[in-house]
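Remarks on the structure that follows.
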Amino acid sequence: MKKLRAGILGATGMVGQRFILLLQDHPYFELTMLAASAKSAGQSYERAVEGRWKMSSPIPEQVKAMRVFDASDVEACAEKCDFVFSAVVMQKDELKALEEAYAKAETPVVSNNSAHRFTPDVPMLIPELNPEHTDVIAAQKARLHTKNGFIAVKPNCSIQGYVPLLTPLMDFGIESVAVTTYQAISGAGKTFADFPEILDNVIPYIGGEEEKSEQEPLKIWGKVENGEIVPAKSPVITAQCLRVPVSDGHMAAVFVKFAHKPEKDEIIRRWRAFAGEPQRLDLPSAPKPFITYFDEPDRPQTGLDRDLGRGMGVCAGRLRPDSLFDYKFIGLSHNTLRGAAGGAVLSAEYLCRKGFLKEKE
Ligand SMILES: NC(=O)c1ccc[n+]([C@@H]2O[C@H](COP(=O)([O-])OP(=O)(O)OC[C@H]3O[C@@H](n4cnc5c(N)ncnc54)[C@H](OP(=O)(O)O)[C@@H]3O)[C@@H](O)[C@H]2O)c1
């Protein structure tokens, strides 16, 4: 198979840096275009990220000398790639317009950004959970008047430690969910060096995160109707999101109430057996298993378990009865891998295998 040419919008940022590492020697994709703000444009990548490369692995040799383009120069950027990953920090309206401009330039966008998450004909994918939402892409292309260009997004990193664990239990009639997330500082694009106030501290506020944590799962569980995704009406979700002194990995403490309460063993059996299209298609980034349940009472732990399945696996533990809800448990996922760049690369692999991403004519 000929590799597709991939570009990155926001290549100099924390998520962009992750994309660069994940696309090194990727079997489906070859990195051919890097873009960021006008401030970085025109420089070599190595120069543009001088003093702010935040990954533990070095910049790949072949990327160092690549020129950084201005992401707003859509024509110049689009001609260098077959599709783009997007991870830029911009005003929501500007970002919406930028991503649509790429789609209209027949350059599909697989985005980490939140701007289009609630656009009804834009799929918000966790490919194991809702691959059928790609059915709305045809309607989106009709709206944008494109042949191949479209936008697909991934959900917020905060929900990926609990939505994959609730999904295999939906047919027991989940009525309500209370969740508290313990979120890593890389979710704010930070390391300990540039976030000293988090040491020996917990910050009980992450702007906009609780709303996303309560609303985005309902789109993931929504149904495609007449070219749009109609969000599910239930369960009711209430969330609190805390920033904790952890480099990577978002933990979730979850309480859940069912209409038909399942046995504990049945829940664990379903978690361990749960696989989706990425596992069936043997996609390069698909973790196997998708979900790992720990029997040990002190697992999962963020530091020990976030890298399971190369940071793409979802962990669960401490499932036990609750006096107010039916059960409580702990979930964990890696926020910049499964929750950001890795999740987008997995979505792109799925879109590629299904023929939505292809070589430009
Ligand atoms: N970090 C996470 O765990 C995580 C998880 C899920 C989603 N996200 C989302 O992913 C996006 C990127 O996050 P991040 O942590 O990587 O942010 P970041 O480290 O602050 O990087 C921001 C990127 O956006 C670029 N940029 C800023 N203004 C621009 C403009 N006007 N035009 C084009 N590019 C521009 C920056 O380029 P310059 O270097 O040239 O300024 C940089 O490449 C955000 O929307 C964030 O919410 C992050």
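The numbers here are math on the coordinates, done by the rules we state, and not lab data. Treat the numbers as computed from the prediction; the structure is a model and nothing was measured. Virtual Cβ from ideal backbone geometry, glycine too; neighbours counted across all protein chains shown.
A few notes on this one:
- Cα-centred dipole magnitude for the range 68-225, charges only on beta-carbon of K, R (+1) and D, E (-1), debye, nearest 20: 280 debye
- Assuming charge only on the beta carbon of Lys and Arg (+1) and of Asp and Glu (-1), the dipole of the range 286-350 about its Cα centre is about 100 debye to the nearest 20.
- Of 216, 100, 197, the residue with the greatest mean-square motion in the GNM of the chain, using alpha carbon springs below 10 Å, is 197.
- Cα-derived Rg over Rh, computed across the range 140-268 with Rh taken as Kirkwood radius: 1.06
- Charged-residue dipole, Cβ positions (Lys, Arg, Asp, Glu), the chain about Cα centre, Debye nearest 20: 360 debye
- Separation of alpha-carbon centers, the range 142-206 and the range 1-76, rounded to whole Å: 24 Å
- GNM flexibility winner over the chain from 334, 26, 250 (Cα, springs under 10 Å): 26
- Ordering 186, 57 by the number of other Cβ atoms within 10 Å of each residue's own Cβ, fewest first, gives 57, 186.
- Quarter of Cα convex hull surface for the range 210-345, i.e. mean projection, nm²: 9.7 nm²
- Spatial separation of Cα centroids for the range 97-111 and the range 230-297, in angstrom: 31 Å
- Relative contact order [Cα under 8 Å, 6+ residues apart], the range 159-334, whole percent: 28 percent
- Rel. contact order, % - alpha carbon contacts under 8 angstrom, at least six apart, the chain: 17 percent
- Checking every one of the trypsin sites (Lys or Arg not before Pro) in the range 143-203 against DSSP loop status and a limit of 13 other Cβ atoms within 10 Å picks out 147.
- Against the chain, whose longest principal axis is taken from its Cα atoms, helix 264-273 shows a tilt of about 20°.
- Selected from 250, 161, 352, residue furthest toward positive end of dipole (the chain; charges at beta carbon): 352
- Taking 45, 293, 162 and counting other C-beta atoms within 10 Å, the order from fewest to most: 293, 45, 162
- Considering only 66, 251, 33, the Gaussian network model of the chain with Cα springs below 10 Å gives its largest mean-square fluctuation to 66.
- The range 121-233, relative contact order [Cα under 8 Å, separation at least 6], %: 36 percent
- Label point distance in nm, residue 2-residue 304, each placed 7 Å from Cα along Cα→Cβ: 4.9 nm
- Angle in degrees between helix 209-220 and the longest Cα principal axis of the chain, rounded to the nearest 10: 90 degrees
- Distance violations [Cα-Cα > 32 Å] among 2/104; 2/154; 233/358; 92/328; 190/233: 233/358; 92/328; 190/233
- Farthest toward the positive end of the dipole of the range 159-334, out of 180, 330, 268, is the Cα of 268, where the dipole comes from beta carbon charges about the Cα centre.
- Share antiparallel - DSSP beta bridges, the chain, percent rounded to 5: 45 percent
- With Cα atoms, 0 to 90° folded angle of helix 92-104 axis to the chain main axis: 60 degrees
- Loop sites in the range 24-61: GluC sites (Glu not before Pro), DSSP, at most 12 other Cβ within 10 Å: 50
- Near-label residues of the range 43-58 by backbone N, under 13 Å of a point 7 Å along Cα→Cβ of residue 193: 49-58
- Point-to-point label distance, residue 44-residue 279, nm (Cα→Cβ direction, 7 Å offset): 4.5 nm
- Positive-end ranking of 139, 127, 74 along the dipole of the range 1-148, with charges on Cβ about the Cα centre, is headed by 74.
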